[in-house]
Amino acid sequence: QVQLVESGGGLVQPWGSLRLSCAASGNIFSINLMGWHRQAPGKQRELVAGITSGGSTNYADSVNGRFTISRDNAKNTVYLQIDSLKPEDTAVYYCYELQSGSVYWGQGTQVTVSS
């Protein structure tokens, strides 16, 4: 089992920035994929960004250039730097970890973009 704990969400004004963190613990494999999805009110959960244990990244088109994903393998932690926030980025952001065919999810952290 893998446990994921997110932090760093909150209320931010448009064009502001946030840094989300997700710490993983438990039976973590050295080769895995970690990343973030988000779910806005009334919408389906969507992929935001992912990063492999080797450092390869992918992003949703809607966030490319504004979001930066990174990870610290020694700490089993993945980060999401969010810049130039827009009201449409308001959502619950969920961390995930994929290894050996199993996916694990965090509880989510709320990001609200509003003036």
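The values are calculated or read from the model by the stated rules, or taken from the named source; none is laboratory data. It should be emphasised that the depicted structure is a prediction, and the values quoted were computed from it without experimental measurement. Cβ sites come from the backbone with ideal geometry, for glycine too, and all protein chains shown count toward neighbours. These accessible areas exclude ligands, DNA and RNA; they are computed on the full protein's heavy atoms, side chains included. Shrake-Rupley method; radii C 1.70, N 1.55, O 1.52, S 1.80 Å.
Odds and ends about this structure:
- Charge context of Gly50, other residues only, Cβ under 11 angstrom, K/R +1, D/E -1: 0
- Of the GluC sites (Glu not before Pro) found in the range 15-115, not one falls in a DSSP loop while having at most 14 other beta-carbon atoms within 10 Å.
- Projected label distance in nm at Gln3 and Leu98, using a 7 Å step from Cα toward the beta-carbon: 2.5
- Each of Gln110 and Asn73 was given a label point 7 Å from its Cα along the Cα-to-Cβ line. The distance between the two points is 3.7 nm.
- Heavy-atom accessible surface of the chain: percent carbon and sulfur, 1.4 Å: 48
- Solvent-accessible area per residue, Å², over the range 1-78 with all protein chains present [probe radius 1.4 Å]: 56
- This model, with +1 at the C-beta of Lys and Arg and -1 at the C-beta of Asp and Glu, gives the chain a dipole about its Cα centre of some 60 debye.
- Relative contact order (%) - criterion: Cα under 8 Å, at least six apart; region: the chain: 37
- In summary, the convex hull built on the alpha carbon positions of the chain has an orientation-averaged projected area of 6.6 nm².
- Of Val48, Val63, Val78, the one that fluctuates the most in a GNM where the chain has Cα springs shorter than 10 Å: Val63
- The region of the chain that goes longest without hitting one of the chymotrypsin sites (Phe, Trp or Tyr not before Pro) in a DSSP loop, each with at most 16 other Cβ atoms within 10 Å, is 30-115.
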